[in-house]
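The values are calculated or read from the model by the stated rules, or taken from the named source; none is laboratory data. The structure displayed is predicted, hence computed values, not measured ones. When we count neighbours, we look across all protein chains shown, and the Cβ atoms used for this are built from the backbone with ideal geometry, even at glycine.
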């Protein structure tokens, strides 16, 4: 995938936005802590509503790139939410992607400074 413009929603400390920028993306990062906290503590049905609204905001011909924590982080001792009900799987995300061409859906391990 060629780098382009990216919007990092609920960026937290910005690690993913910085990583995208290092890969050549033009990144805008936003975080409203209450919204981020609310999203992290929603069930799968609420997450699907949030995802549908976010996908609807993608410009025609645009790219939706989701980078997030995976449920496997828990067993591997990595950061992020430690309750699996707050972690969407790649399959959950792909199931919401009607009308999008999915290039990749899976887990990529990367080292981040702590």
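Summary table
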| item | result |
| --- | --- |
| Among the candidates 93, 65, residue that is in contact (Cβ under 8 Å) with a residue 60 or more places away in the chain and within 12 Å of the chain's Cα centre (by Cα) | 65 |
| Pairs, first more than 14 Å from residue 83 (Cα to Cα) in the stretch 37-61, second modelled with pLDDT under 80 and in a helix (DSSP H, G or I), C-beta under 7 Å, six or more apart | 50/39 |
| Residue selected from the stretch 95-112 under the condition surrounded by 10 or more Cβ atoms within 10 Å (Cβ to Cβ) and under 21 Å from residue 3 (Cα atoms), by the criterion modelled with the lowest pLDDT | 112 |
| Tally of residues being in a helix (DSSP H, G or I) and surrounded by 13 or more Cβ atoms within 10 Å (Cβ to Cβ) across the stretch 45-80 | 9 |
| Unmet requirement for residue 17, which otherwise passes all of (1) modelled with pLDDT under 85; (2) within 17 Å of residue 1 (Cβ to Cβ); (3) out of contact with any strand residue (DSSP E or B) (no Cβ under 6 Å at 6 or more places or on another chain) | (3) |
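One line per residue, one yes/no per condition, for (1) modelled with pLDDT under 75; (2) touching a helix residue (DSSP H, G or I) at 6+ places or on another chain (Cβ under 7 Å); (3) more than 21 Å from residue 44 (Cα to Cα):
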{"residue": "62", "(1), (2), (3)": "no, no, yes"}
{"residue": "70", "(1), (2), (3)": "no, no, no"}
{"residue": "90", "(1), (2), (3)": "no, no, no"}
{"residue": "114", "(1), (2), (3)": "yes, no, yes"}
